[in-house]
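J.: Would you mind keeping the following structure in view while I ask a few things?
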Amino acid sequence: MHFQTTFDISFSGMSVQRKRMDIISHNLANIETTRTEEGTPYRRKMLVMSPEDKGWTFSDVLTGALSGVRIDEVVEDPTPFKEEFVPGHPEADERGYVQKPNVDLFVENVNMLTAKRAFEANVAAVKTAREMTMAALEIGR
């Protein structure tokens, strides 16, 4: 595998994980938003990711013909909204229930932690690839 390929794969992973953390932060910031421009509570957003090159063969893996990851789209989570009994709330229906966003604090925190760890793993891969490249250049002296 060419050393530049290692950097490209890690940089694409870092970029995707950064965007993933942005989406998670947006979800957490809107955890109590009961009315959006559409007139509904905020709906949780998620990233759909895939490898940049689909259709890899075992030979591609062995020869290093791999590439990074890309964001296909940002989608809304179709799970139903939460309902909370708050009769005095301005958004309450005739039964006294308020529809709340389908954002779960625990799930978002776990997702943030995994995105952070994936980002850190890509940084470590770049650092290691850089050190290996520098060591290889020293051999040529």
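The values are calculated or read from the model by the stated rules, or taken from the named source; none is laboratory data. What you see is a predicted model; the values in this text were computed from it and never measured. Every residue, glycine among them, receives a Cβ derived from its backbone with ideal geometry; neighbour counts consider all protein chains shown. Protein only, heavy atoms only, side chains kept; ligands, DNA and RNA dropped before computing areas. Shrake-Rupley method; radii C 1.70, N 1.55, O 1.52, S 1.80 Å.
J.: Counting only C-alpha contacts under 8 Å and six or more residues apart, can you give the relative contact order of region 70-141 as a whole percent?
T.: Contact order relative to length: 19 percent.
J.: Hey, what angle do you get for helix 105-139 against the long axis of the chain, alpha-carbon based, 0 to 90 degrees rounded to 10?
T.: 10 degrees
J.: Please report, in debye to the nearest 20, how large the charge dipole of the chain is about its Cα centre when each Lys and Arg carries +1 at its beta carbon and each Asp and Glu carries -1 there.
T.: 560 debye
J.: Which FRET efficiency value, to the nearest 0.05, is calculated for R95 and A29 with the Förster distance at 41 angstrom and r the Cβ-Cβ distance?
T.: Efficiency, rounded to the nearest 0.05: 0.90.
J.: Another one. Under 16 Å from a point placed 7 Å out from the Cα of M46 along the Cα-to-Cβ direction: which residues of region 73-111 have their backbone N that close?
T.: Output list for this probe position: 73-82, 102-111.
J.: Cα-based count: Lys pairs in the chain below 17 Å, eight or more positions apart or different chains?
T.: 6
J.: Accessible area per residue of the chain at 1.4 Å probe, in Å²?
T.: Result: 66 Å² per residue.
J.: For the chain, take the longest principal axis of its alpha carbons; what is the angle in degrees between that and the long axis of helix 3-29, to the nearest 10 within 0 to 90?
T.: Roughly 10 degrees between the two axes.
J.: Per residue of the chain, what 222 nm ellipticity follows from adding -39500 (n - 2.57) for every DSSP H run with n ≥ 4, rounded to the nearest 500?
T.: -17000 deg cm²/dmol
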